[in-house]
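See below for the structure under consideration.
The values are calculated or read from the model by the stated rules, or taken from the named source; none is laboratory data. Computed from a predicted model, the values in this text were never measured in an experiment. Every residue, glycine as well, gets a Cβ built from its backbone with ideal geometry; the counts of neighbours run over all protein chains shown. Accessible surface is based on the protein model in full, side chains and every heavy atom, while ligands, DNA and RNA are left aside. Shrake-Rupley method; radii C 1.70, N 1.55, O 1.52, S 1.80 Å.
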Amino acid sequence: GESVGLHLPTLSVQEGDNSIINCAYSNSASDYFIWYKQESGKGPQFIIDIRSNMDKRQGQRVTVLLNKTVKHLSLQIAATQPGDSAVYFCAENQNSGGSNYKLTFGKGTLLTVNP
Amino acid sequence: SAVISQKPSRDICQRGTSLTIQCQVDSQVTMMFWYRQQPGQSLTLIATANQGSEATYESGFVIDKFPISRPNLTFSTLTVSNMSPEDSSIYLCSVEFWAAWNTEAFFGQGTRLTVV
């Protein structure tokens, strides 16, 4: 079936550097994408989202880029801090009928920030 | 937004036994979602729980193994029945709020289950 996946399972960066986490999706009909951060022992937390009619969206220190041509999504974190260390998941919103929106999650990337 | 509390946060259980996980939300929601997250893996949707009707299970998950209750709009339980070591996972409940064009999901902290 359709799936959402990630290119890199782990990423290690130095504090202060920028981080880029990538995600590939296969369902060309998907119209909404979300990035989640999951710290150890916690549930996923919403970071930023983007609709399919956009190619870029910025938040505080984070930017999501969407390339629909190649079905690729990325999360950029500026000036990465130790508190950014976590697993990052992309998720795809699939409308399963009416208001029944189901999220499909990608595999996740473990980001480690070295001081 | 929503605050979701799950209990227990972790447990170690003997194979063949059952564990019921509780999920409490601080606001009324129509649908609640139960996910499984196996070690080092992503989240997989188990079922969607509506108040007043039977849960809808995803492929690979059945009611006999994962019975769900949804007695009101703020509470749900997931039972992992007749457990085996393969059921060792983190179980997460979630709620979603739908706006005109986006969906925001909130998750509990998860229940880390180890079956021995």
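Filter the stretch B:27-42 down to residues that are in contact with a strand residue (DSSP E or B) (Cβ under 6 Å, 6 or more places away or on another chain) and more than 18 Å from B:I68 (Cα to Cα), then give me how many there are.
Of the residues in the stretch B:27-42, 2 are in contact with a strand residue (DSSP E or B) (Cβ under 6 Å, 6 or more places away or on another chain) and more than 18 Å from B:I68 (Cα to Cα).
Give, as residue ranges, the strands (runs of 3 or more DSSP E) completely inside the stretch A:30-71 that count at least 2 residues that are within 10 Å of another protein chain (Cβ to nearest Cβ) and either open to solvent by less than 80 Å² (accessible area, probe 1.4 Å) or among the aliphatic types (A, V, I, L, M) (or both).
A:32-38, A:45-51
Quick one: in the stretch B:71-116, of everything that is surrounded by fewer than 20 Cβ atoms within 10 Å (Cβ to Cβ) and among the charged types (D, E, K, R), which residue is nearest to A:Y32 (Cα to Cα)?
B:E104
Can you name every residue in the stretch B:1-14 that is loosely packed, with under 13 Cβ neighbours inside 10 Å and either more than 27 Å from B:P85 (Cβ to Cβ) or not polar (S, T, N, Q) (or both)?
Correct list: B:S1, B:V3, B:P8, B:R10, B:I12.
Take the residues of the stretch A:1-15 that are assigned to a loop (DSSP other than H, G, I, E, B) and more than 11 Å from chain B (Cβ to nearest Cβ): which is modelled with the lowest pLDDT?
Here the answer is A:E2.
Looking only at residues that are surrounded by fewer than 16 Cβ atoms within 10 Å (Cβ to Cβ) and among the hydrophobic types (A, V, I, L, M, F, W, C) in the stretch A:74-94, which one is nearest to the other protein chains (Cβ to nearest Cβ)?
A:A78
Return the residue satisfying two criteria in turn: it lies in the stretch B:87-109 and is touching a Phe, Trp or Tyr at 6+ places or on another chain (Cβ under 8 Å) and in a loop (DSSP other than H, G, I, E, B), and of such residues it is modelled with the lowest pLDDT.
B:W101
Being small (G, A, S), more than 13 Å from B:G110 (Cα to Cα) and within 14 Å of chain A (Cβ to nearest Cβ) is the filter here; which residues of the stretch B:1-41 pass it?
B:S1, B:A2, B:G40
For the stretch A:16-29, what are the residues that are modelled with pLDDT of 90 or more and open to solvent by less than 40 Å² (accessible area, probe 1.4 Å)?
Across the stretch A:16-29, the qualifying residues are A:S19, A:I21, A:N22, A:C23, A:A24.
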